[in-house]
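Chemist: Here it is, the structure, as structure tokens.
The values are calculated or read from the model by the stated rules, or taken from the named source; none is laboratory data. Since we're looking at a predicted model, the values are computed, not measured. FYI the Cβ positions are ideal-geometry reconstructions off the backbone, even for glycines, and counts take in every protein chain you see. Protein only, heavy atoms only, side chains kept; ligands, DNA and RNA dropped before computing areas. Shrake-Rupley method; radii C 1.70, N 1.55, O 1.52, S 1.80 Å.
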Amino acid sequence: MTGRPAVTVRVPAKVNVQLAVGGARPDGFHDLANVFLAVGLYDEVTAAPAESLRVTATGPDTDRVPLDRTNLAARAAELLAARRGIAPDVHLHIAKDIPVAGGMAGGSADAAGALVACDALWGTGASREELLEICAELGSDVPFSLVGGAALGRGRGELLTPLEVGGTFHWVFAVADGGLSTPAVYAEFDRLTEGVDVPAPEASPALLDALRAGDAVALGAALSNDLQPAALSLRPSLAATLAAGGAAGALAGLVSGSGPTTAFLVEDVEAAGAVADALVGSGTCRGVRVAAGAVPGAVVV
Ligand code: C5P
């Protein structure tokens, strides 16, 4: 096994163009209508032969990435190895470019990447179906990181239906200081909706039409995130970032997933540059990233 060449897998970030959240289920999760779009910001996960399971990471803010077995990438290797009755002896190196704990599925991307990389390194030959099953065990967003493109996630987000995308959508992402914990944001959602009859989450037909047509103006009008009030409640400074992106000419802006990254949909590459510059100048965020989507999911490079 130690003679095998290392395998590198590239995995994209996501933005939720719609995140409709239902009430808390008995298992503590929330039923979702979660419309994912994969965008061209990537982590790369390399799996190399090793004496035992080890995780390393390089890139911005990797001091906040756990390098022990709580890292989702390590758990992915362990789950696949356990299914085959082999030892999860692998060195996983994560070259991070997706904001850490930013609401862009960076940890999920690393898990999907590690799974595909270990499967190739170990020659375990998992089917797409089995990979998706393991992804769902790892986390609600991990199956989407594997498949990429655009998809509607039902259940807790793991039951995917691929969606047609009729054009390229351009985005500017404003990176905030620090991260937000996804469970904390869902808990705040529960607190804010206490006593409210939360409707069953449904995908917006107008939003799905806009994606299919590649119509950025229509998509901008339909963007929505039910977690945004909770993210703003925990991080009130995000309101200034959203206002700055709107004033800079973005078609629309919203909190990405559970935040604290904010996402601004723009008309084209030129508009992306202008909005990015204005956001940097506004002093309301730590940095900006420009990316377009949809892009494919996890691929061996
Ligand atoms: O599935 P994942 O491990 O990414 O979820 C992290 C946390 O986010 C869960 O423990 C839960 O608190 C919350 N969550 C939720 N409903 C979902 C997805 C996540 O409440 N559909």
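Chemist: How many residues does region 151-166 hold that are more than 16 Å from the ligand (Cβ to nearest atom) and at positive phi?
Modeler: Counting residues in region 151-166 that are more than 16 Å from the ligand (Cβ to nearest atom) and at positive phi gives 0.
Chemist: Pairs, please: C-beta under 6 Å, at least 6 apart or cross-chain, first residue within 16 Å of the ligand (Cβ to nearest atom) and in region 244-268, second β-branched (Val, Ile, Thr) and open to solvent by less than 10 Å² (accessible area, probe 1.4 Å)?
Modeler: Short answer, once both residue conditions are applied: 255/262; 256/15; 258/185.
Chemist: For residues in region 29-54 being out of contact with any Pro (no Cβ under 9 Å at 6 or more places or on another chain) and open to solvent by 40 Å² or more (accessible area, probe 1.4 Å), which is nearest to the ligand (Cβ to nearest atom)?
Modeler: Taking region 29-54 first, the residues out of contact with any Pro (no Cβ under 9 Å at 6 or more places or on another chain) are 29, 35-37, 44-47, 50-51, 54.
From the residues that got through so far, the ones that are open to solvent by 40 Å² or more (accessible area, probe 1.4 Å) too are 29, 44, 51, 54.
Working: 29: 4, 44: 21, 51: 29, 54: 23 Å.
Once the filter is applied, the top-ranked residue is 29.
Chemist: I'm trying to understand the selection: among the residues of region 18-28, which are more than 17 Å from the chain's Cα centre (by Cα) and near the ligand (Cβ under 10 Å from one of its atoms)?
Modeler: Residues satisfying the conditions are 22, 24, 25, 27, 28.
Chemist: Right, another one. Could you tell me whether region 3-11 includes any residue that is within 16 Å of the ligand (Cβ to nearest atom) and either among the small types (Gly, Ala, Ser) or open to solvent by less than 10 Å² (accessible area, probe 1.4 Å) (or both)? Don't jump to the end; show me each part of the working.
Modeler: So the first thing to find is which residues in region 3-11 are within 16 Å of the ligand (Cβ to nearest atom), and the list is 11.
Add one more test, that the residue is either among the small types (Gly, Ala, Ser) or open to solvent by less than 10 Å² (accessible area, probe 1.4 Å) (or both), and what stays is 11.
Looking for residues that are within 16 Å of the ligand (Cβ to nearest atom) and either among the small types (Gly, Ala, Ser) or open to solvent by less than 10 Å² (accessible area, probe 1.4 Å) (or both), one finds at least one in region 3-11, hence yes.
Chemist: Quick test of your reading of the structure: residue 43 fulfils all but one of (1) farther than 27 Å from residue 256 by Cα; (2) acidic (Asp, Glu); (3) touching a residue at least 40 places away in the same chain (Cβ under 8 Å). Name the failing condition by number.
Modeler: For residue 43, the exception is condition (1).
Chemist: For region 169-194, what are the residues that are out of contact with any Leu (no Cβ under 7 Å at 6 or more places or on another chain), open to solvent by less than 90 Å² (accessible area, probe 1.4 Å) and part of a loop (DSSP other than H, G, I, E, B)? Don't jump to the end; show me each part of the working.
Modeler: Looking only at region 169-194, we keep the residues that are out of contact with any Leu (no Cβ under 7 Å at 6 or more places or on another chain), and these are 170, 173, 175, 177-179, 181-183, 186-187, 190-194.
Filter once more, so that each one left must be open to solvent by less than 90 Å² (accessible area, probe 1.4 Å): 170, 173, 175, 178-179, 181-182, 186-187, 190, 192-193.
Answer for region 169-194, where residues must be out of contact with any Leu (no Cβ under 7 Å at 6 or more places or on another chain), open to solvent by less than 90 Å² (accessible area, probe 1.4 Å) and part of a loop (DSSP other than H, G, I, E, B): 178, 179, 181, 193.
Chemist: If only one of 280, 275 is of a type in the set (Val, Ile, Thr), open to solvent by 60 Å² or more (accessible area, probe 1.4 Å) and modelled with pLDDT of 95 or more, which one is it? First the steps, then the outcome.
Modeler: Details: 275 fails: open to solvent by 60 Å² or more (accessible area, probe 1.4 Å).
Of the residues listed, the single one that is of a type in the set (Val, Ile, Thr), open to solvent by 60 Å² or more (accessible area, probe 1.4 Å) and modelled with pLDDT of 95 or more is 280.
Chemist: Would you pick out the residues in region 167-196 that are of a type in the set (Asp, Glu) and touching a residue at least 60 places away in the same chain (Cβ under 8 Å)? Even if it seems obvious, please write down each step before you answer.
Modeler: Keep residues of region 167-196 that are of a type in the set (Asp, Glu), which gives 177, 188, 190, 194.
Listed by number, the residues that qualify are 177, 190.
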